[in-house]
1. Which one of L81, N170, P207 has its Cα pushed farthest toward the positive end of the charge dipole of the chain, where Lys and Arg give +1 and Asp and Glu give -1 at the Cβ?
2. Divide by every residue of the chain the summed helix terms, -39500 (n - 2.57) for each DSSP H run of at least 4, and state the resulting mean residue ellipticity at 222 nm, rounded to the nearest 500 deg cm²/dmol.
3. Top mean-square fluctuation among F232, F58, F181, Gaussian network model of the chain, C-alpha springs under 10 Å?
4. For the chain, I need the span (max minus min coordinate) of the C-alpha atoms along each principal axis, in Å, sorted largest to smallest.
5. At 1.4 Å probe radius, can you tell me the per residue accessible area of segment 97-254 in Å²?
6. Treating the beta-carbon of each Lys and Arg as +1 and of each Asp and Glu as -1, no other charges, what is the dipole magnitude of the chain about its Cα centre, to the nearest 20 debye?
7. What length, rounded to one decimal in nm, is gained on full extension from A20 through to E163, with 0.36 nm per residue of separation minus their alpha-carbon distance?
8. Which residue, I14, I225, I132, tops the fluctuation ranking in a GNM of the chain built on C-alpha contacts under 10 Å?
Amino acid sequence: MREEIVNLIKLQEIDLKILALDKAKDEFPESLKKAEEALAQKKNEMEALENEIEELKFKRRKFEEELEQEYQRLKKSQTRLMEVKAQREYQALLKEIEEIKKANKLREEELLKMMERVEELTKQKEDLKNEIAELEKQVEEERQKYETRRAELDKEREGIWKEREAIAKNIPGNLLKRYEFIKSHRNGVAVVPVINAVCDGCHMNIPPQLYNELQRDDKVYECPICQRIIFFKKEYSDILPQDEEGEEAKEAQA
């Protein structure tokens, strides 16, 4: 029976390593996440900037059209002024010309402001374009690191999986199926030690009778609370990780 428990413990340790590798593989690196977020923000800024530039250009074209129309109107009024004979009509037309000139001057000033703003935004766009290019380069570098790391983890997992297959062959089919079923329903942990009559899986006390039977190590036992496969830890301290052996020493002193 010891051999079966030993193989189950080894299989559990390997499966926990595989679980950790899969988790590490699926974790999105914080550096890549931040780089992509920064890039997305800059692209949003670029979109907003381009929209503002297009709106200003459209508005400028409308102002230029209106200004051209007013120039033509001014020209016609000035021509008419040369032909008018009546003093009253002459003064009215003169006033109209002055109003057109005044309005045109305001339009010209507004048009100049628009042109300066477009020039300013175009400069900002160029600077932002350079920032985006730099961030895209950074994102690509971080992604390459991520993919390289994933490949390394895949290679490591492949080696561990071969080790797992070798150990699984030494476990009876029914017991292996039992292990796999428990593992799938207990977050990947199917085999746990019992320390001072406490299941290390659910941290609940097992019945005294079961604890006594467990120490005989004559068959495979399950925790009546969490249904994980359990074993008497002291009997297997020689194959447990070093940190767990430290716990074994504490148990011996209890």
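The values are calculated or read from the model by the stated rules, or taken from the named source; none is laboratory data. None of the values given here were measured: they were computed from a predicted structure. Cβ coordinates were reconstructed from backbone atoms using ideal geometry, including for glycine residues, and neighbour counts include every protein chain displayed. The area values use the complete protein model at the heavy-atom level, side chains included, leaving out ligands, DNA and RNA. Shrake-Rupley method; radii C 1.70, N 1.55, O 1.52, S 1.80 Å.
1. Ranked along the dipole, the leading option is L81.
2. -28000 deg cm²/dmol
3. Evaluated over the chain, the most mobile residue of the options is F58.
4. 130, 36, 35
5. Numbers: 10090 Å² over 158 residues.
Counting only protein heavy atoms, the per-residue value for segment 97-254 is 64 Å².
6. Details: 50 positive and 61 negative charges, 234 e Å.
In total the dipole reaches around 1120 debye.
7. Numbers: separation 143, 0.36 × 143 = 51.48 nm, distance 1.60 nm.
Gain on stretching A20 to E163: 49.9 nm.
8. I225
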